[in-house]
Structures are given as C-alpha cells and as structure tokens.
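To start, the structure itself, in structure tokens.
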Amino acid sequence: MAVGTGGGRRRGRPPGALSESTAVERRVFVHASPRTVWATLHDPGATSALFPELHLGPAAPTWPAAATTRSARARLGLLRDLARVESLEARPDALFRLRVTASGFDSEWTWRLEPVAGGTRVIHAARFEPFDRWTGLLVRFGRASLASRVEAHLRTLKERAEAAERGISPAT
C-alpha cells in the first residue's frame with residue numbers, strides 16, 4: 001500500500017488559522033474484476049461492513065449516481081453527528097467519489113478502479129477536515145486515524161470482492 005498525507009486550509013479560513021485537514025491515499029490489488037469490485041462497493045448489504053463509521057440512511061433509487069444524496073449518522077472516534085452523504089462522481093467500474101458533510105466536518109472519499117493483471121488495483125483516497133478544534137479532538141480520541149479507516153475500507157472491500165468473485169458468500 002502506498003501512502004500520501006498532507007494538510008490544507010479550509011476555504012474562507014483566515015490566514016494563519018490552524019488547519020487540521022488531513023489527506024491519505026492507499027492502494028491495494030484485488031483478485032476480482034472492476035465490475036465485481038464496483039458491485040461490492042455499492043452492495044446495500046455490505047455498507048455497514050465497508051463503512052463502519054457511517055450508518056447510512058435509505059438510498060434513493062438513483063444512488064450512486066452523481067448528485068444523489070442520502071442521510072447518515074457519522075461515528076468518528078467520540079464524535080457522533082448527523083451527516084449528509086453526496087455522490088460527487090460515479091463512473092461504473094472506474095471511479096466513485098463522495099462527500100460526507102456534518103456540522104463539525106467535511107470529508108471526501110475517492111475510489112479509483114484500474115484493471116491490471118487479471119484483477120483490479122483500487123486506489124482509495126480520503127480527506128477529512130474538521131471545522132473546529134473540538135471536532136478534531138473528539139475524532140482523535142477515538143484512536144482511529146484517517147489512515148487506519150482508509151485501510152479498513154480497503155481490507156473489507158478486498159475481502160468481500162474476492163469472495164464474490166469466487167462465488168463465496170462473505171462473512172458478515
């Protein structure tokens with residue numbers, strides 16, 4: 001897995017203000033076709049396993065089409081917040097990008113699917129930006145970093161997609 005981290009400033013934040021924005025990228029090879037990985041990523045029965053930090057509300061019939069939204073309850077560390085999840089870009093078998101916005105943070109997640117060597121390279125990037133110090137502290141007290149959450153997303157996606165490709169029902 002490759003790593004990329006960086007900080008950034010929230011637009012509209014005064015110069016010199018502390019920014020706790022974080023970005024992470026990880027990649028993994030999945031022994032499954034991009035179509036299987038895509039289907040696994042959007043399997044309604046797998047959302048709680050794939051995204052344990054989000055309890056997603058019902059999906060609209062058009063989900064994951066771009067500009068579709070759904071409600072969620074976010075659980076990040078000690079932070080509990082109602083959130084809105086918006087599909088920003090959805091190109092089947094190739095790219096999925098979404099934004100999770102709550103009163104205390106903004107986060108963006110991207111999955112790029114690249115067919116390689118009889119499987120799929122999945123590149124998962126995430127950015128998390130708390131709007132205030134309290135949000136940042138509550139999230140950090142949970143001891144799970146953004147990097148560990150991204151790695152967990154990939155680990156679960158890999159396990160479930162490979163099981164689906166072999167025709168095995170994944171453990172819940």
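Rule-based calculations on the coordinates, nothing more; no lab input. On a predicted model such as this, the values are computed, not experimentally measured, just so you know. Note that we place each Cβ from the backbone using ideal geometry, even for glycine, and neighbour counts take in every protein chain shown.
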| task | Take every Cα pair under 8 Å in segment 21-166 that's 6+ residues apart, average their separations, divide by the length, and report that relative contact order as a whole percent. | result | 32 percent
| task | Excluding Arg27 itself, calculate the net charge of residues whose Cβ lies under 14 Å from the Cβ of Arg27, where each Lys or Arg counts +1 and each Asp or Glu counts -1. | result | +2
| Tell me, in nm to one decimal, what length is gained between Leu88 and Asp106 on full extension, where the rule is 0.36 nm per residue of separation less the Cα-Cα distance? | 5.1 nm
| Expressed as a whole number of Å, what is the distance separating the alpha-carbon centroids of segment 125-142 and segment 27-70? | 23 Å
| Using 1/(1 + (r/R0)^6) with R0 = 25 angstrom and r between the beta carbons of Ala60 and Phe131, what's the FRET efficiency to the nearest 0.05? | 0.40
| Stretchable slack from Arg35 to Ala152, in nm (0.36 nm times residue separation minus alpha-carbon distance) | 40.0 nm
| Surrounding net charge for Arg73, when Lys and Arg each add one and Asp and Glu each subtract one, Cβ distance under 13 Å | +2
| field | Selection from Thr22, Ala125, Val100, by position along the positive dipole direction of segment 21-166 (Cβ) | value | Thr22
